[in-house]
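Written out below as structure tokens is the structure these notes cover.
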Amino acid sequence: MTAPRRKVALVGAGGRMGQKIAELLQADPVLSLGAAVESEESPVIGLPVPSSPEVVYEADLARGMATCDVGIDFSSPETLRRSVEAFAAAGKPLVIGTTGLTLSDRDFVREMGAHIPILWSPNMSLGVNLLAILAGQAARALEEFDAEILEIHHRHKKDAPSGTALFLGEAVASARNGALSQSGVFVRHGLTGEREPGSIGVMALRGGDVPGDHTVFFLGSGERLELTHRAESREIFARGAIRAAAFLLDRPTGFYTMADVLMSGEPENR
Ligand SMILES: NC(=O)c1ccc[n+]([C@@H]2O[C@H](COP(=O)([O-])OP(=O)(O)OC[C@H]3O[C@@H](n4cnc5c(N)ncnc54)[C@H](OP(=O)(O)O)[C@@H]3O)[C@@H](O)[C@H]2O)c1
């Protein structure tokens, strides 16, 4: 007999990522949609979720999650703390894909690992997490090369630079024994002067429906290395988030990353 599927409380369920995750949960062998939580002002409150009509969009997170085993949050940085506190109070694991978090938000999320299993990743794709490892290796091997990061996203994206670009910048900075908060350059305009040695430029382009391109450049004298990841669709992030949620079920409390999920060796198609 197959075990019943465990239920997911999806926060930001009406958004672009939320809808894709709800769609994929329909066919997932381990997890199913248990609650679809949206903001109070959202016009979808009270309506059925198109891919799972048995679930209705609701605004009450505490009530929605009561019957669920794990949460997935792809909402907004403004509402994230409330969402994390609610999952911590209920003692339920939580996967967070929301980006645009401040450093203090990120510390807060990490600290909540003392209470529940919690995972935050600005990019849930396999390829980007490998790119961060490779960028760190290149940063060490090509110490004298200038490192710059460029990202491109769709016209609707609300934060810049992307959480993924910052994540890659941090991988490069820490490989060079620094911190992006010290070496990051996020705007160049006007008479900027020469490039500051050791700085890491992180720049953003916006337009169209691009799900997310990231390139880490290592610019040397007479040569350059470009490491690029292109997301072809949002499905890769949604798949990663569902895989992360299945990974967190029944784990001990702690702060986890996608690297933990990838290293666990648990197959993608469980
Ligand atoms: N980690 C990753 O791999 C990854 C990949 C893609 C995107 N992201 C990030 O995920 C987040 C969502 O992206 P998206 O493209 O899906 O954005 P989106 O389409 O704007 O979706 C966000 C949804 O969250 C809802 N929301 C806002 N406040 C809420 C609350 N208090 N409770 C419940 N729901 C609430 C929004 O509703 P309203 O419209 O009514 O405010 C909206 O429907 C962004 O931060 C994005 O950068 C991460």
Report task. Collect the residues in region 236-270 that are surrounded by 16 or more Cβ atoms within 10 Å (Cβ to Cβ) and out of contact with any strand residue (DSSP E or B) (no Cβ under 7 Å at 6 or more places or on another chain), keeping them in residue-number order. Result -> 236, 237, 238, 239, 240, 243, 247, 258, 260, 261, 262
Query raised in the report: So which of 100, 12, 18 ends up being surrounded by fewer than 20 Cβ atoms within 10 Å (Cβ to Cβ), of a type outside the set (Lys, Arg) and farther than 22 Å from residue 251 by Cα?
Result: 100
Query raised in the report: Which of the following residues is farther than 20 Å from residue 75 by Cα, out of contact with any strand residue (DSSP E or B) (no Cβ under 6 Å at 6 or more places or on another chain) and either of a type in the set (Gly, Ala, Ser) or at pLDDT 95 or above (or both): 127, 136?
Result: 136
Report task. Grab the helices (runs of 4 or more DSSP H) fully contained in region 37-146, keeping just those with 2 or more residues being near the ligand (Cβ under 9 Å from one of its atoms) and of a type outside the set (Asp, Glu). Result -> 77-90
Query raised in the report: Are any of the residues in region 55-68 closer than 22 Å to residue 236 by Cα and of a type outside the set (Ser, Thr, Tyr)?
Result: no
Report task. Of all residues in region 7-24, count the ones that are outside any strand (DSSP E or B) and either within 7 Å of the ligand (Cβ to nearest atom) or under 17 Å from residue 63 (Cβ atoms) (or both). Result -> 7
Report summary line: Going through region 147-189 in order, the residues found to be under 29 Å from residue 15 (Cβ atoms), acidic (Asp, Glu) and outside any loop (DSSP other than H, G, I, E, B) are 151, 170
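The values are calculated or read from the model by the stated rules, or taken from the named source; none is laboratory data. Everything numeric in this text was worked out from a predicted model, so none of it was measured. No Cβ is skipped: glycine too gets one built from the backbone with ideal geometry, and neighbour counts run over all protein chains shown.
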